[in-house]
1. Of all residues being in contact with a Leu (Cβ under 9 Å, 6 or more places away or on another chain) and in contact (Cβ under 8 Å) with a residue 40 or more places away in the chain in segment 33-63, which is farthest from Pro10 (Cα to Cα)? Just the residue, please.
2. Could you grab me the full set of residues in segment 1-16 that are under 23 Å from Gly76 (Cβ atoms) and at pLDDT below 95?
3. Show the residue pairs that are 6+ apart or on different chains and have beta-carbon atoms under 7 Å apart, the first residue being within segment 5-23 and more than 16 Å from Gly45 (Cα to Cα), the second being part of a loop (DSSP other than H, G, I, E, B) and modelled with pLDDT of 90 or more.
4. Can you tell me which residues in segment 1-56 are buried (at least 17 other Cβ atoms within 10 Å of the Cβ), of a type in the set (Ser, Thr, Tyr) and not in a helix (DSSP H, G or I)?
5. When you scan segment 77-90, do you find a residue that is among the aliphatic types (A, V, I, L, M), at pLDDT 95 or above and within 10 Å of the chain's Cα centre (by Cα), even just one?
6. Going through segment 18-44 one residue at a time, which ones are within 14 Å of Gly76 (Cβ to Cβ) and of a type in the set (Asp, Glu)?
7. Anything in segment 58-75 that is hydrophobic (A, V, I, L, M, F, W, C) and exposed (fewer than 10 other Cβ atoms within 10 Å of the Cβ)? List them, or say none.
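The values are calculated or read from the model by the stated rules, or taken from the named source; none is laboratory data. Keep in mind it's a predicted model, so treat the numbers as computed, not measured. Cβ sites come from the backbone with ideal geometry, for glycine too, and all protein chains shown count toward neighbours.
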Amino acid sequence: MMSRVDENSPIYLQLREVVRERIDTGEYAPGCHIPSENALAKTYGVNRLTVRSALDALVEEGILKRVQGKGVFIVGSVSNETLITSRGFTRPSKAARQSRA
């Protein structure tokens, strides 16, 4: 569920959408880290805690992942494909074993 974000929305929501857009356009690629909170705060002229709130929202959505001591990384796209279930291993029939010999 995505709420409407405009210039009257809280700054952290606006920043969240800016970061999301950069991810969607490929500027921030999956598996790569995004700029630090301090760098984003300086770039956008906002408080670091505002940046943290925006990133926390994206972490909660599963778009970003925090790794302590390393930074914030973009999570790869989530696949909606179903996995093929394994039926297990079976022993080849006696005739199949004999034909290989």
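1. Once the filter is applied, the top-ranked residue is Ile34.
2. Met1, Met2
3. Arg20/Ile63; Arg22/Tyr28; Ile23/Ile63
4. Tyr28
5. No; the residues of segment 77-90 include none that is among the aliphatic types (A, V, I, L, M), at pLDDT 95 or above and within 10 Å of the chain's Cα centre (by Cα).
6. Correct list: Asp24 only.
7. Selection gives Val67 alone.
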